[in-house]
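*Asks:* Next up is a structure, given as structure tokens.
The values are calculated or read from the model by the stated rules, or taken from the named source; none is laboratory data. All values derive from a computational prediction rather than experimental measurement. Please note: Cβ atoms are built from the backbone with ideal geometry, for glycine as well, and neighbour counts cover all protein chains shown. These accessible areas exclude ligands, DNA and RNA; they are computed on the full protein's heavy atoms, side chains included. Shrake-Rupley method; radii C 1.70, N 1.55, O 1.52, S 1.80 Å.
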Amino acid sequence: QVQLVESGGGLVQAGGSLRLSCAASGFIFSINGMGWYRQAPGKQREWVAGITSTGTTNYANSVKGRFTISRDNAKNTLYLQMNTLKPEDTAVYYCNTRVRGSSYWGQGTQVTVSS
């Protein structure tokens, strides 16, 4: 079965950095597009960044220039490098993929940025 397991969240001061990881299993990771989303308290889940199977990346305007999405197909792992973090980046971060028409989510990892 498809499994996505996020890790790497934590508490960081504004201006700091974190790297999130998403370990994937149960599908052919190398041929799937992947994405990162986040959900802040009281807000809807929002798309943060995406990467295609060929490595093309896209970012939400709010994180462009600060976050970098990448993938290691040999390790079946997705990453999100987050630099220059701001308090408004505080949220639970989720990785996502679609397999055979169904959308899959991990359990999320909490990122808290203190001012």
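*Asks:* Take the Cβ-Cβ distance between Ile28 and Ala60 as r, set R0 to 30 Å, and report the resulting FRET efficiency rounded to the nearest 0.05.
*Replies:* 0.65
*Asks:* So, in Å, what gap is there between the alpha-carbon centers of the stretch 6-77 and the stretch 78-92?
*Replies:* After rounding, the separation between the Cα centres reads 9 Å.
*Asks:* Let me ask another. How much length, in nm to one decimal, is gained on full extension between Arg45 and Ser103, taken as 0.36 nm per residue of separation minus their Cα-Cα distance?
*Replies:* On the way: separation 58, 0.36 × 58 = 20.88 nm, distance 1.42 nm.
Contour length minus the Cα-Cα distance gives 19.5 nm.
*Asks:* Would you calculate the volume per residue, in Å³, of the smallest convex hull containing every Cα atom of the chain?
*Replies:* About 95 Å³ per residue, rounded to a whole number.
*Asks:* Ok, one more. Per residue, what accessible area does the chain have, given a 1.4 Å probe and all protein chains present, in Å²?
*Replies:* In whole numbers, the chain has 52 Å² accessible per residue.
*Asks:* While we're looking at this one, here's another question. Can you return the lysines within cross-link range of Lys43? Criterion is Cα-Cα under 19 Å, with same-chain partners fewer than 8 residues away left out.
*Replies:* Lys86
*Asks:* Something else about it: May I ask you to order 65-75, 89-99 by the average number of other C-beta atoms within 10 Å around their residues, highest value first?
*Replies:* On the way: 65-75: 15.2, 89-99: 20.0.
Those peptides, ordered most packed to least, come out 89-99, 65-75.
*Asks:* Amide H to amide H under 5 Å from Val99: which residues, 5+ apart in sequence or cross-chain, H placed 1.01 Å off N in plane?
*Replies:* Tyr104
*Asks:* Same structure, new question: Sort 27-37, 102-112 for me by packing, meaning the mean count of neighbouring Cβ atoms within 10 Å per residue, highest on top.
*Replies:* Packing order, densest peptide first, comes out as 27-37, 102-112.
*Asks:* Work out the FRET efficiency for Ser114 and Asn83 from their Cβ-Cβ distance, taking R0 = 22 Å, and round it to the nearest 0.05.
*Replies:* In this case the efficiency is close to 0.85.
*Asks:* Below 8 Å between Cα atoms, with a sequence gap of 6+, how large is the relative contact order for the chain in percent? Spell out each step's value before the answer.
*Replies:* Numbers: 279 pairs, mean separation 41.7, N = 115.
After rounding, I find 36 percent.
*Asks:* Still on this structure, please answer the following. In whole percent, and with a 1.4 Å probe on the protein chains, what portion of the accessible area of the chain is carbon and sulfur?
*Replies:* 47
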